[in-house]
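Engineer: Below you will find the structure I want to go over with you.
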Amino acid sequence: MRTYISLLIVLFLFFSCASSKTEISKEELKKVANLINSKSFKIESSWAYPRVTNSLVALQNAGFFVNGSSASSIDISGHSNYFIMKNDSVDISLPYYGERQMGGNYGSTDTGIVCKGIATKIKTSKNKNGSYKIRFSVNDKNSTTENYNLTILIYPNLTTNITVFSSQRNSIQYRGRIKKES
């Protein structure tokens with residue numbers, strides 16, 4: 001009897017833990033393709049994922065982050081932030097959490113990732129799962145020495161993941177949603 005019950009429990013766990021694959025509709029795939037092909041979209045991020053350092057952990061322990069945030073994930077939904085792309089022009093304003101490795105624009109009020117200009121080395125590719133990857137480089141708006149390499153993943157459900165690699169700061173990621181830029 002005990003063996004029979006154990007077998008039932010194992011079978012139940014096996015079938016209840018099986019992963020379910022979410023089907024992507026043709027409409028979702030078409031919507032994402034249209035946004036990418038139009039080269040005119042806006043991304044608003046709701047979470048920032050900085051590289052965790054001792055400094056960020058110290059800030060977390062001191063209670064500097066809002067409830068629900070930590071040194072590794074920070075809720076930025078209340079902050080004004082955007083990523084706008086029109087053809088090869090970008091306008092970016094994202095808050096930055098992390099450590100600067102060198103330099104900096106002393107006296108500047110823009111401490112985040114702020115860019116406005118022409119993106120270079122743009123490469124767009126479509127992945128097998130229906131998502132798109134856009135890679136490019138851009139210079140900082142307020143600094144002649146800092147530049148960024150960005151990778152944007154755009155998923156069929158219109159969620160995004162922006163990864164920013166800086167020449168002077170630790171890398172950071174942002175998660176958000178994409179929409180058509182008007």
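Nothing in this text is a laboratory measurement; each read-out follows from the coordinates by a stated rule. Every value quoted in this text rests on a predicted model; they were computed, and no experiment measured them. A quick note on method: Cβ atoms are made from the backbone with ideal geometry, for glycine too, and the neighbour counts reach across all protein chains shown.
Engineer: Note the full-extension length gain between Glu99 and Lys123 as 0.36 nm times their separation in residues minus their Cα-Cα distance, in nm to one decimal.
Structural biologist: The span from Glu99 to Lys123 would gain 5.8 nm if fully extended.
Engineer: Which percent of the Cα-Cα distances in the range 59-103 go past 11 Å?
Structural biologist: 75 percent
Engineer: Quickly rank 39-49, 79-89 as a protection proxy: mean count of other C-beta atoms within 10 Å, highest first.
Structural biologist: The most tightly packed comes first, giving 39-49, 79-89.
Engineer: If the cut-off is a Cα-Cα distance under 26 Å, which lysines reach Lys141, setting aside same-chain residues fewer than 8 apart in sequence?
Structural biologist: List returned: Lys39, Lys42, Lys86, Lys116, Lys121, Lys123, Lys133, Lys179, Lys180.
Engineer: Is the range 34-179 best put as rounded, prolate or oblate by its Cα gyration tensor, with a ≥ b ≥ c the root eigenvalues, rounded for a/c under 1.5, and otherwise prolate when a/b is larger than b/c, oblate when not?
Structural biologist: Because a/c hits 1.5 or more and a/b fails to exceed b/c, the range 34-179 counts as oblate.
Engineer: Another question, then. Given the peptides 28-34, 168-174, 124-130, 153-159, arrange them by the average over their residues of other C-beta atoms within 10 Å, most packed first.
Structural biologist: So the order, starting with the most tightly packed, is 168-174, 153-159, 28-34, 124-130.
Engineer: Work out from phi, with θ = phi - 60° and the Karplus expression 6.51 cos²θ - 1.76 cosθ + 1.60, the ³J(HN,Hα) of each residue of the range 45-53, listed in order in whole Hz, and give x for Gly and Pro.
Structural biologist: 8, 10, 9, 10, 10, x, 6, 6, 10
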